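As structure tokens, the structure follows; a few thoughts come after it.
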Amino acid sequence: MVSRVIPVDPFDLVIFGGTGDLARRKILPGLYRRYLAGQMPAEARVIGAARSDLGVEGYRSLIAEALEEFVADDMRPAEAVAGFLDHLGYVAVDARGETGWADLTSNLRDSVVRAFYFSVTPALFSDLAERVHAHGLVEPDTRIVVEKPFGRDLASARALNAELATHFDESQIYRIDHYLGKETVQNLMAVRFGNILFEPLWNAQYIDHVQITVAETVGVGGRGSYYDKSGAMRDMVQNHLMQLLCLTAMEPPAQFEPDAVRDEKLKVIRALQAVPEPDVVRGQYTAAGGMPGYLEDVENPDSTTESFVAIRAQIANWRWSGTPFYLRTGKRLRARLSEIVVRFKQTRHSIFDADARGAPNELTIRLQPDEGMDLRVTIKEPGPGGMRLIDVPLDMTFADALGPDAEDVTDAYERLIMDVIRGNQTLFMRGDEVEAAWAWTDPIIESWEADDRLRPAPYDAGGAGPEEALALMHRDGRRWKDIRT
Ligand code: NAP
């Protein structure tokens, strides 16, 4: 199979925060891979922007080091790295002052797509938006890319949306949720809407429940002070898990077109019922297996911030009424795993002996570690001995099914950046979606914050999460799928 790379128009991409962790780990390595794939036009320019006085050569050395660290050796032939570095420029700019803006302005060309990536702390988003606008850098073909977190509650997200709207049209704003850039997430839409097999069954009549799990093995690492003010609900549920829920639950959009898709996602969020207290569990990891507990990691012995959340969510609409969506995410769990599990109902009537009956069909959509899907179906166990049923996976791991092309599955960031240049907002969150998501999570967070005697349920570092999360499903006669890769 031959990979098709569709070239994009020439562009000037300014990365504010171009020396930061995200830029070095994800954005620049992603752009480099696009360069290697032949997708970056010769006239494309990437301009790092931060306060440090590095100069262009200093910036190129910094990024050369980042590529060494974050791109595989066999993907870094010297001439390719040198060719990519030639595309890079650098301007020392202060988001909060006037330093560097004239220099930046003179570096930009009029005739190409212009994008500003705000890869800086959210506290600088408004300053940047205001200055980019005040310096006359916004043209009809200009886009801004805004990193997460987008607000920390409904009020702050609204305020930020309003601020951005004074300088940019909504069609120019690209709010990143990198989960949406994953190959499998798009494949979920391809599978649902490109086959006749699934969509007729994709409703409460045939689906028993859906599980969405984003499990991490890492603790809070060096991000302790940020994380302790945020917690799993703000950091993961309000954005990544809700986006996965929306794509799983949404109605078919009339076209695969940005606003058609985002309208349908928004309807799902608005149909989510308020979560009653017994339907949500928050947890905090404790020291186990030689790993420190959360309180030691964040150096705050009184913290009640959650490193784990499980929720039984219900969508009050015609398609999903009666089919719960169980969400769970946490740090320091047994394995690193992100997946959506769609558990179908049993056949209405079995013609086989009760003890011969197979398990219900189950579609698993894996986002990491190995992107792919598997569908468990019931067949007869081979050989003599009567009709005994077993369930087997129809495995659609992309690397197996699609050969070498699939091994080089485009990383989420590089796909999303190319979408920005193309002007395609389908995989970016619209302002109203973000606000609706906060409107759903805010009451849960507020109820926790209102009573700081309520402590999260403890769970062992390296385990499967708190007992209470298991009980959330047992209560309904169901079980979580094991957190196992
Ligand atoms: P970081 O490592 O702290 O980098 C911050 C960058 O901003 C640096 O380049 C810094 O350079 C620059 N900067 C700081 N103050 C500035 C100012 N006044 N004017 C211009 N530039 C300024 O942060 P990060 O981890 O890369 O995160 C960037 C954004 O991505 C944040 O919104 C974060 O929430 C989001 N994000 C990060 C990750 C991740 O894995 N790192 C993941 C998801 C989302 P100077 O000090 O030289 O100015």
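Considering only residues that are touching a residue at least 40 places away in the same chain (Cβ under 8 Å), near the ligand (Cβ under 10 Å from one of its atoms) and either not hydroxyl-bearing (S, T, Y) or not in a loop (DSSP other than H, G, I, E, B) (or both), which ones fall in region 112-124?
Once the filter is applied, which keeps residues that are touching a residue at least 40 places away in the same chain (Cβ under 8 Å), near the ligand (Cβ under 10 Å from one of its atoms) and either not hydroxyl-bearing (S, T, Y) or not in a loop (DSSP other than H, G, I, E, B) (or both), region 112-124 yields Y117, F118, V120, L124.
Please count how many residues of region 125-160 are assigned to a helix (DSSP H, G or I), within 16 Å of the ligand (Cβ to nearest atom) and touching a residue at least 40 places away in the same chain (Cβ under 8 Å).
2
Hey, M75 hits all of (1) more than 11 Å from the ligand (Cβ to nearest atom); (2) exposed (fewer than 12 other Cβ atoms within 10 Å of the Cβ) but one; which does it fall short on?
Here M75 clears every test but (2).
Select from region 147-201 the residues that are more than 18 Å from M429 (Cα to Cα) and of a type in the set (D, E) and list them in ascending order.
E199
So which residues in region 37-46 are more than 18 Å from T105 (Cα to Cα) and either crowded, with 21+ Cβ neighbours inside 10 Å or not assigned by TED's automatic domain parsing to the domain that holds H87 (or both)?
Residue satisfying the conditions is M40 alone.
For region 286-315, which residues satisfy the criterion of being closer than 20 Å to Y326 by Cβ and not in a loop (DSSP other than H, G, I, E, B)?
Step one: of region 286-315, the residues closer than 20 Å to Y326 by Cβ are 306-315.
Across region 286-315, the qualifying residues are F308, V309, A310, I311, R312, A313, I315.
How many of the residues making up region 196-228 are assigned to a helix (DSSP H, G or I) and either touching a Leu at 6+ places or on another chain (Cβ under 9 Å) or among the aliphatic types (A, V, I, L, M) (or both)? It would help to see each step written out before you state the result.
Going residue by residue through region 196-228, those that are assigned to a helix (DSSP H, G or I) are 199-201, 221-228.
Remaining after also requiring either touching a Leu at 6+ places or on another chain (Cβ under 9 Å) or among the aliphatic types (A, V, I, L, M) (or both): 201.
Here the count works out to 1.
Going by the conditions given, is P278 assigned to a helix (DSSP H, G or I) and farther than 30 Å from T121 by Cβ?
yes
For region 86-111, how many residues meet the condition of being part of a loop (DSSP other than H, G, I, E, B), within 13 Å of the ligand (Cβ to nearest atom) and either of a type outside the set (V, I, T) or within 14 Å of A44 (Cα to Cα) (or both)?
The total comes to 6.
Return the pair list, or none, for Cβ contacts closer than 7 Å from residues in region 1-18 that are away from the ligand (no atom under 16 Å from the Cβ) and assigned to a loop (DSSP other than H, G, I, E, B) to residues that are open to solvent by 10 Å² or more (accessible area, probe 1.4 Å) and modelled with pLDDT under 80, at least 6 apart or on different chains.
Within 7 Å, the pairs are M1/L402; M1/G403; M1/D405; S3/D405.
Does A49 count as open to solvent by less than 50 Å² (accessible area, probe 1.4 Å) and either of a type outside the set (A, V, I, L, M) or not in a loop (DSSP other than H, G, I, E, B) (or both)? Spell out the reasoning first.
Working: open to solvent by less than 50 Å² (accessible area, probe 1.4 Å): yes; either of a type outside the set (A, V, I, L, M) or not in a loop (DSSP other than H, G, I, E, B) (or both): yes.
Spelling it out, A49 is indeed open to solvent by less than 50 Å² (accessible area, probe 1.4 Å) and either of a type outside the set (A, V, I, L, M) or not in a loop (DSSP other than H, G, I, E, B) (or both).
Do we have R34 as within 22 Å of F118 (Cα to Cα) and in the same structural domain as T121 (by TED's automatic domain parsing) here?
Against the criterion (within 22 Å of F118 (Cα to Cα) and in the same structural domain as T121 (by TED's automatic domain parsing)), R34 qualifies.
Go through region 168-195 and report how many residues are surrounded by 16 or more Cβ atoms within 10 Å (Cβ to Cβ) and either assigned to a strand (DSSP E or B) or of a type outside the set (K, R) (or both).
Of the residues in region 168-195, the ones surrounded by 16 or more Cβ atoms within 10 Å (Cβ to Cβ) are 168, 172-189, 191-192.
Still in the list and also either assigned to a strand (DSSP E or B) or of a type outside the set (K, R) (or both): 168, 172-181, 183-189, 191.
Residues that pass the stated criteria total 19.
Between A159, A134, A123, A165, which is outside the structural domain of R366 (by TED's automatic domain parsing), open to solvent by 40 Å² or more (accessible area, probe 1.4 Å) and in contact with a strand residue (DSSP E or B) (Cβ under 9 Å, 6 or more places away or on another chain)?
Just one listed residue meets the conditions, A165.
Check whether at least one residue in region 226-238 is open to solvent by 10 Å² or more (accessible area, probe 1.4 Å) and free of Cβ contacts under 8 Å to residues at least 60 places away in the same chain, and report yes or no. Even if it seems obvious, please write down each step before you answer.
Initial filter on region 226-238 (open to solvent by 10 Å² or more (accessible area, probe 1.4 Å)): 226, 228-230, 234, 236, 238.
Retained after the next criterion (residues that are free of Cβ contacts under 8 Å to residues at least 60 places away in the same chain): 226.
Looking for residues that are open to solvent by 10 Å² or more (accessible area, probe 1.4 Å) and free of Cβ contacts under 8 Å to residues at least 60 places away in the same chain, one finds at least one in region 226-238, hence yes.
The values are calculated or read from the model by the stated rules, or taken from the named source; none is laboratory data. Note that the structure is a prediction, hence the values are computed from the model and not measured. We place every Cβ from the backbone using ideal geometry, glycine too, and count neighbours over all the protein chains shown. The area values use the complete protein model at the heavy-atom level, side chains included, leaving out ligands, DNA and RNA. Shrake-Rupley method; radii C 1.70, N 1.55, O 1.52, S 1.80 Å.
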